[in-house]
Amino acid sequence: MNQLAKLRALLNEELPAILLTGAPNRQYATDARIDEGMCLILPDACIFLTDSRYTEAAERAMAGTGRVECVDRGHTYSQRINAALEARGIDAVGVEEEQLTHGEFDRLTKKLNARLIPCQARADGLRAVKEPWEQARLRRAQERTDAVFSEMLGIIRPGMTEKELEAELIYRLYRAGAEGLSFPPIVVSGPNTSMPHGVAGQRVLQEGDFVTMDFGLILEGYCSDMTRTVALGYATDQMRLVYDTVLRAQKAGIAATRAGKTGAQIDAAARDVIDRAGFGAYFGHSYGHSLGIEVHESPNCAPSCAQPIPAGAVCSAEPGIYLPGKFGVRIEDVVIFRDDGCENITGSPKELLIL
Ligand code: ZN
Ligand code: ZN
């Protein structure tokens, strides 16, 4: 079933139409990556509303999926939406409540001749299972990301700053074909590696440092995401112990991953390894998150996630240990859930690399 058909299958008497205002679900419905617009899903039509800056690109992207209507001063979004709803006798429309500001919600409420029905979770929920063609895009995005990591291994050296390393990384991601970055990369070194989402600064890399890089690119509209921690010059026994514990935890999580397991069970498989090694207090975040059109989607592999994860879900596997003031280690791969296990689409080496 194509994505538009899946969205249409959500329509019923209570939810006779859906208005997608957020870029991720607009892309999901149409595969059009257009910065501004709204997409109206109707039982018999899909209308992409945008202004003249984007109409040509939208028409190309929408070929065969639906039609594009241009909005301007004489034909506003609300006028066009009202016309489409009234022509079909529809008096209610689903909206993405998480994608609307309070002001936007108020304006839509006033201007549309239809009741607004929050339906974000239903629309987002469709994206949990990735179709084979989506999985292929995610694999291609990760392949390019792995290639960039391999290039970076030849670049990281004592004497350069975190900022310089960050710039080298971003340059290479774009040179590898990135349409954008999945998120601003995390590049931290030495004691800064104990901050899971630290920001690159002017610190100079030195021998005996861990360097953590967490990064991803967008290719064909889909995000990659990976983390590797490498050592410069040498690693102390404590660094090796922590690295080995994180790697064993990640492998235990991946070994426990298959469709039907809950996010909590998978998180626990990895967390147990870290707990038993005595570092439980230093693994504060969740084991993994889904990713696709956005780098953070649902379902998650976290202690609070009691829902079984379906085959075709694509999640990160990223345990970490962070010792404040000392150092931290995180290793992140991305896996696709299968009925009999999972497919790891991250190809970069995971044994401790000392550069
Ligand atoms: Zn990441
Ligand atoms: Zn991640």
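Rundown of residues vs (1) among the small types (Gly, Ala, Ser); (2) modelled with pLDDT of 95 or more; (3) more than 10 Å from ligand 2 (Cβ to nearest atom); (4) surrounded by 17 or more Cβ atoms within 10 Å (Cβ to Cβ), yes/no style:
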position: 289; (1), (2), (3), (4): no, yes, no, yes
position: 300; (1), (2), (3), (4): no, yes, yes, yes
position: 305; (1), (2), (3), (4): no, yes, yes, yes
position: 316; (1), (2), (3), (4): yes, yes, no, yes
position: 326; (1), (2), (3), (4): no, yes, yes, no
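Name the residue that is farthest from ligand 2 (Cβ to nearest atom), counting only residues in segment 216-246 that are aromatic (Phe, Trp, Tyr) and surrounded by 21 or more Cβ atoms within 10 Å (Cβ to Cβ). Filtering segment 216-246 for residues that are aromatic (Phe, Trp, Tyr) and surrounded by 21 or more Cβ atoms within 10 Å (Cβ to Cβ), the one farthest from ligand 2 (Cβ to nearest atom) comes out as 243.
Taken together, the residues in segment 330-355 that are farther than 19 Å from residue 313 by Cα and of a type in the set (D, E, K, R) amount to 3. If you go through segment 173-215 and pick out every residue that is within 16 Å of ligand 2 (Cβ to nearest atom), closer than 20 Å to residue 24 by Cα and among the hydrophobic types (A, V, I, L, M, F, W, C), you end up with 3.
In the set 284, 278, only one residue is assigned to a loop (DSSP other than H, G, I, E, B) and free of Cβ contacts under 8 Å to residues at least 12 places away in the same chain; that residue is 278.
Tell me, which strands (runs of 3 or more DSSP E) wholly within segment 82-194 include 1 or more residues that are within 19 Å of the chain's Cα centre (by Cα) and crowded, with 19+ Cβ neighbours inside 10 Å? By residue number, 186-189.
Quick grid of which residues meet (1) of a type in the set (A, V, I, L, M); (2) within 15 Å of residue 336 (Cβ to Cβ); (3) without any contact (Cβ under 8 Å) to a residue 12 or more places away in the chain:
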| residue | (1), (2), (3) |
| --- | --- |
| 248 | no, no, no |
| 254 | yes, yes, no |
| 268 | yes, no, no |
| 302 | yes, no, no |
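Of all residues in segment 189-222, count the ones that are touching a His at 6+ places or on another chain (Cβ under 9 Å) and of a type in the set (A, V, I, L, M, F, W, C). Qualifying residue count for the region: 0.
The values are calculated or read from the model by the stated rules, or taken from the named source; none is laboratory data. This structure is a prediction, so every number in the text was calculated from the model and none was measured. Every residue, glycine as well, gets a Cβ built from its backbone with ideal geometry; the counts of neighbours run over all protein chains shown.
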